[in-house]
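Every number in this text was worked out from the coordinates using simple rules, so none of it is lab data. Fair warning: this is a prediction, and the values are worked out from it, not measured in the lab. Quick reminder, even Gly has a Cβ in these numbers, built from the backbone with ideal geometry, and neighbours come from all protein chains shown.
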Amino acid sequence: MAEGHGSHNPLEHAMDHPTLEIPWGWGGKVVELPVIELPLFGPLQITRFMVMEVIVAALIILIMIPLARHIAKRPVTRGAFMNAFEALVGFIRDKVARPSIGEHGADDFVPFLLTLFFFILFNNLLGMIPGGASATGNINVTAVLAISTLGAVCFAGMRESGIVGFWIKLVPTMDVPKPLKIFLWPLMLVIEILGLLIRHFVLAVRLFANMLAGHVVLGVILGFILLAGGNLVYIVTPASIFGVVLLSFLELLVAFLQAYIFTLLSALFIGSAVHPH
């Protein structure tokens with residue numbers, strides 16, 4: 001049995017590893033964490049975050065497809081589970097997509113925004129489960145999400161204004177003399193393109209930093225137990241566990257909040273491309 005990466009350093013919980021830790025033992029009692037070594041396919045090493053993302057993709061498929069069929073067959077949704085997810089879908093459509101993008105064309109981007117929201121939300125929540133991990137605490141994952149949003153923004157803008165028109169409309173109207181405009185327009189175009197890229201870079205970093213910071217704080221608080229010695233451990237241990245439990249409830253709120261913020265900002269960026277200056 002391989003030694004778990006997170007068995008000595010609680011901060012390792014926030015990092016990616018080529019192993020999975022199973023938090024449940026056998027025979028009705030918890031034993032030393034069993035560790036599963038993930039396979040290596042040529043140069044590609046399967047990691048814990050990859051497994052979490054596959055689980056999230058499977059959850060989205062298993063929940064959203066039956067939900068869509070359920071709604072299509074029934075004018076009134078029945079059941080607490082279906083009602084909860086229908087409420088979330090309606091919230092993203094009516095309170096995020098349509099106000100941010102506009103009634104015209106907003107529904108075309110609702111599937112994309114829903115995918116973003118639930119992918120981020122489920123990844124965030126998996127990090128709260130023993131043995132799980134938040135893939136959104138990895139900058140590579142959030143960068144891909146931000147690049148996907150950038151692609152949707154460019155697609156929306158080019159569909160609305162044309163391939164060339166989208167880039168031209170990035171530059172706001174300048175009421176200046178023509179000779180000065182000839183000099184300023186290319187400079188403004190470069191600045192607007194850089195601004196477009198920076199907005200999406202910040203979008204990736206914001207989600208990554210918030211999710212990583214939350215798990216690091218939880219790990220540090222648990223780490224106090226390892227630092228306590230002698231009789232002090234009997235005071236530090238319950239205090240650390242109590243603090244972690246309280247912060248875990250806050251992390252649940254953050255999980256939903258960060259998924260909402262990322263989705264809202266993505267909708268706003270798409271709306272700004274559909275309705276330029």
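Among 159-171, 120-132, 59-71, the peptide with the highest mean count of other Cβ atoms within 10 Å heads the list, and the full ranking is 120-132, 159-171, 59-71.
When only the Cβ of Lys, Arg, Asp and Glu is charged (+1, +1, -1, -1), the dipole of the chain relative to its Cα centre reaches about 780 debye. Taking other residues whose beta carbon is less than 15 angstrom from the beta carbon of P66, and scoring Lys, Arg as +1 and Asp, Glu as -1, yields +3.
So, by mean Cβ neighbours within 10 angstrom, what's the order for 101-108, 210-217 with the highest one leading? Walk me through the numbers on the way to the answer.
Numbers: 101-108: 15.4, 210-217: 18.9.
Highest to lowest by the protection proxy: 210-217, 101-108.
Comparing mean-square fluctuations of E53, E251, E37 from a GNM of the chain with C-alpha springs under 10 Å, the top value falls on E37.
For the range 138-219, the dipole from Cβ point charges (+1 on Lys and Arg, -1 on Asp and Glu) about the Cα centre works out to 80 debye, to the nearest 20. Of the residues F85, F256, F41, the one that moves most in a GNM of the chain with alpha-carbon contacts below 10 Å is F41.
Along its first, second and third principal axes, ordered by size, the range 10-274 spans 79, 51, 43 Å in Cα coordinates. Think of the range 10-274 as having a plus end and a minus end, set by charges on the Cβ of Lys, Arg, Asp and Glu; of T19, V164, V220, V164 sits farthest toward the positive end of this dipole. Of the DSSP H helices in the chain, those with a Cα length along their own long axis of 24 Å or more and a mean Kyte-Doolittle hydropathy reaching -1.0 comprise 48-73, 106-126, 139-161, 178-227, 233-274. Sequence-distant contacts, meaning Cα pairs under 8 Å at least 6 residues apart, place the relative contact order of the chain at 24 percent. Under the shape rule built on the C-alpha gyration tensor, where the axes satisfy a ≥ b ≥ c, the range 34-183 is oblate, since a/c reaches at least 1.5 while a/b does not exceed b/c.
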